[in-house]
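Peer 1: Sending over a structure as structure tokens; questions will come in a sec.
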Amino acid sequence: MCGIVGLFLKNSKLELELGALLAVMLGLLSDRGPDSAGFAVYGDAQPKRIKLTLRIAGGLRDAEALFTDMESALAFPVEFVIRDSHVVLSIPVSVEAAVRVWLAKNRPEIHIVGAGRRMELFKEVGWPKEVADRFGLSDMSGTHAIGHTRMATESSVTTDGAHPFSTGSDQCLVHNGSLSNHNDVRRKLRHEGLTFETDNDSEVAAGYLTWRMREGASLRKALEASLDDLDGFYTFVVGTETGFAVLRDPIACKPAVMAETDDFVAFGSEYRALAGLPGIQRARVFEPEPATVYAWERH
């Protein structure tokens, strides 16, 4: 059940190809998760600005009206890019809180699926290859990206239930498996101030890592702590503004394969997702060990 892909580029010359490479990887795992799909891409950042990825069912005309109203109410210029049912809104960091309050009050039906200096996050119900095409994944560029094809088990087939899940700035997670103690962990995290928008166990895993990193842990340390606090079967692939990490549970019952070269690190639930990557013939291909964190950072 479910398919995961991830690509972390070491060679900046490949950054223009990131979206095209990930689109092929995602499409090849469509049959592992035919219900829905999603992906997060880490691209360029603008000084003192943040990106909010919004899901707006009304499309282009609705988006233009929305941002005209927002500009009038909040008195700052709005920059946005429309991609199918989602809009990437670029705003000054200083007005993020005001924008969130305005949206909650005036347009509560609009869902913020992700936020960060570099992260753009898209997900929808449908055949994964078609989802990637709808959002124009092949045209996107960046340094790293993760994606997911979903076969629903823990919750309904909805856009909200699709992966990746993001619960912190420039942080997101994709997950294959199921957590047996997610309800208990969710209750504890709510006491720590986190909020959840679905009953999906994967959103709890994302929230757990956000909480750990908010408390000062590195991505690696947060994942190591999850081995004690999260029960179940899982493979996680996680993205942050500068990082990319993989973790399998202590039994490692979910399939996973990785490849590393001087140019990239790649992850797939099956090798066929990696087979078309440039230079894969020279890669070190391996199965990640159980209960072992694999992490890479850009500086």
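Peer 1: Does Met151 fit the bill of being assigned by TED's automatic domain parsing to the domain that holds Tyr234 and surrounded by fewer than 17 Cβ atoms within 10 Å (Cβ to Cβ)?
Peer 2: It is true that Met151 is assigned by TED's automatic domain parsing to the domain that holds Tyr234 and surrounded by fewer than 17 Cβ atoms within 10 Å (Cβ to Cβ).
Peer 1: So, one more: Answer with yes or no whether Ser226 is among the polar types (S, T, N, Q), within 15 Å of the chain's Cα centre (by Cα) and either part of a loop (DSSP other than H, G, I, E, B) or outside the structural domain of Thr53 (by TED's automatic domain parsing) (or both).
Peer 2: Details: among the polar types (S, T, N, Q): yes; within 15 Å of the chain's Cα centre (by Cα): no; either part of a loop (DSSP other than H, G, I, E, B) or outside the structural domain of Thr53 (by TED's automatic domain parsing) (or both): yes.
No.
Peer 1: Sticking with this one: Confirm whether Ala252 is farther than 23 Å from Leu230 by Cβ, of a type in the set (Gly, Ala, Ser), in the same structural domain as Arg220 (by TED's automatic domain parsing) and surrounded by 14 or more Cβ atoms within 10 Å (Cβ to Cβ).
Peer 2: no
Peer 1: I would also like to ask the following. Look at segment 261-277 and say how many of its residues are surrounded by 14 or more Cβ atoms within 10 Å (Cβ to Cβ) and more than 21 Å from Gly239 (Cβ to Cβ).
Peer 2: Number of matching residues: 2.
Peer 1: Just for segment 1-59: of the residues that are of a type in the set (Asp, Glu) and more than 30 Å from Pro108 (Cα to Cα), which one is surrounded by the fewest Cβ atoms within 10 Å (Cβ to Cβ)?
Peer 2: Applying the first criterion (of a type in the set (Asp, Glu)) to segment 1-59 yields 15, 17, 31, 35, 44.
Next, from what is left, pick out any that are more than 30 Å from Pro108 (Cα to Cα): 15, 17, 31.
Numbers: Glu15: 15, Glu17: 16, Asp31: 11.
Among those that are of a type in the set (Asp, Glu) and more than 30 Å from Pro108 (Cα to Cα), it is Asp31.
Residue-wise test of (1) in contact with a Phe, Trp or Tyr (Cβ under 7 Å, 6 or more places away or on another chain); (2) farther than 21 Å from Val246 by Cα; (3) at pLDDT 95 or above.
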{"residue": "Ala104", "(1), (2), (3)": "no, yes, no"}
{"residue": "Pro108", "(1), (2), (3)": "no, yes, no"}
{"residue": "Glu120", "(1), (2), (3)": "no, no, yes"}
{"residue": "Arg134", "(1), (2), (3)": "no, yes, yes"}
{"residue": "Leu137", "(1), (2), (3)": "yes, yes, yes"}
{"residue": "Met140", "(1), (2), (3)": "no, yes, yes"}
{"residue": "Thr149", "(1), (2), (3)": "no, no, yes"}
{"residue": "Ser156", "(1), (2), (3)": "no, yes, no"}
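Peer 1: Hey, among Arg212, Arg187, Arg220, which residue is part of a helix (DSSP H, G or I), under 23 Å from Leu9 (Cβ atoms), assigned by TED's automatic domain parsing to the domain that holds Val265 and not aliphatic (A, V, I, L, M)? Don't jump to the end; show me each part of the working.
Peer 2: Working: Arg212 fails: under 23 Å from Leu9 (Cβ atoms); Arg187 fails: under 23 Å from Leu9 (Cβ atoms).
None of the others qualify; the one that does is Arg220.
Peer 1: Any chance segment 108-124 includes a residue that's touching a His at 6+ places or on another chain (Cβ under 8 Å), surrounded by 17 or more Cβ atoms within 10 Å (Cβ to Cβ), over 23 Å from Gly6 (Cα atoms) and touching a residue at least 24 places away in the same chain (Cβ under 8 Å)?
Peer 2: no
Peer 1: Looking only at strands (runs of 3 or more DSSP E) that lie completely in segment 48-166, which have at least 2 residues being touching a Cys at 6+ places or on another chain (Cβ under 9 Å) and not aliphatic (A, V, I, L, M)?
Peer 2: Counting at least 2 such residues, we get 111-116, 144-150.
Peer 1: Same structure again: If the Cβ limit is 6 Å and pairs must be 6+ apart or interchain, which residue in segment 255-267 that is in the same structural domain as Thr149 (by TED's automatic domain parsing) pairs with which residue that is among the aromatic types (Phe, Trp, Tyr) and modelled with pLDDT of 95 or more?
Peer 2: Listed by first residue and then by second, the contacts come to Val257/Tyr271; Met258/Phe267; Met258/Phe286; Val265/Phe8; Val265/Trp296.
The values are calculated or read from the model by the stated rules, or taken from the named source; none is laboratory data. Since this is a predicted model, take the numbers as computed values, not measurements. Because the Cβ atoms are built from the backbone with ideal geometry, glycine has one as well, and the counts that use them run over all protein chains shown.
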